[in-house]
Amino acid sequence: MTDNLDSKSISSLSVLLVEDNIADARLIEEFLKEISINAVLHIVRDGKEAMEFLYLNCKYNGECKSTFVILDLNLPKMSGREVLKEIKSDDELKRIPVVILTTSTAEEDINECYNNHANCYITKPLDFDEFANTMNSIKSFWFNMAELPKI
């Protein structure tokens, strides 16, 4: 994805999408392409892969100058809850913004994620147009307004 952002130019932004549902991952990927996110998108299918990516690419190799994570909660091998907790408890990774994008509306999930320092909790809309609006809102706030940390 190499299109320019509307109001900010973010070079070397790395978006890590952690999503085990192939259809959801493809849909999110297409929305990110459509809304012109100037970033490299990495997709992993489980929590263990997510942590391997973050440790290898960001922590040890220093290849992620700026990283943003979109994280599903219900993942195989290592849940999104565990991934969030591990990211936010690691001194070198804890500044990475983590947006939870999940189907869960359970109050205990929402509370647990915020207790573990999630930056945002969004329930996946079931309606296609609402999903598009959600992705546009993520872009507008996180990639146009917010200042993302450099790792």
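Read the figures in this text as sums done on the coordinates, not as results from a lab. All of these numbers come straight from a predicted model, not from anything done at the bench. In this analysis, Cβ positions are derived from the backbone assuming ideal geometry, glycine residues included, and neighbour counts consider all displayed protein chains.
Give me the pairs: first residue in the stretch 18-32 and among the β-branched types (V, I, T), second residue in a loop (DSSP other than H, G, I, E, B), beta-carbon distance under 7 Å, and six or more apart or on different chains, which are they?
Every condition considered, the pairs that remain are V18/D72; V18/L75; I28/E19.
Report, by residue number, each residue of the stretch 99-112 that is free of Cβ contacts under 8 Å to residues at least 40 places away in the same chain and within 25 Å of S89 (Cβ to Cβ).
I100, T102, S104, A106, E107, E108, D109, I110, N111, E112
Under the condition of being touching a Lys or Arg at 6+ places or on another chain (Cβ under 8 Å) and touching a residue at least 60 places away in the same chain (Cβ under 8 Å), which residue from the stretch 113-149 is farthest from L32 (Cα to Cα)?
P149
Could you say which residue among F143, F131 is aromatic (F, W, Y), closer than 15 Å to L16 by Cα and outside any loop (DSSP other than H, G, I, E, B)?
F143
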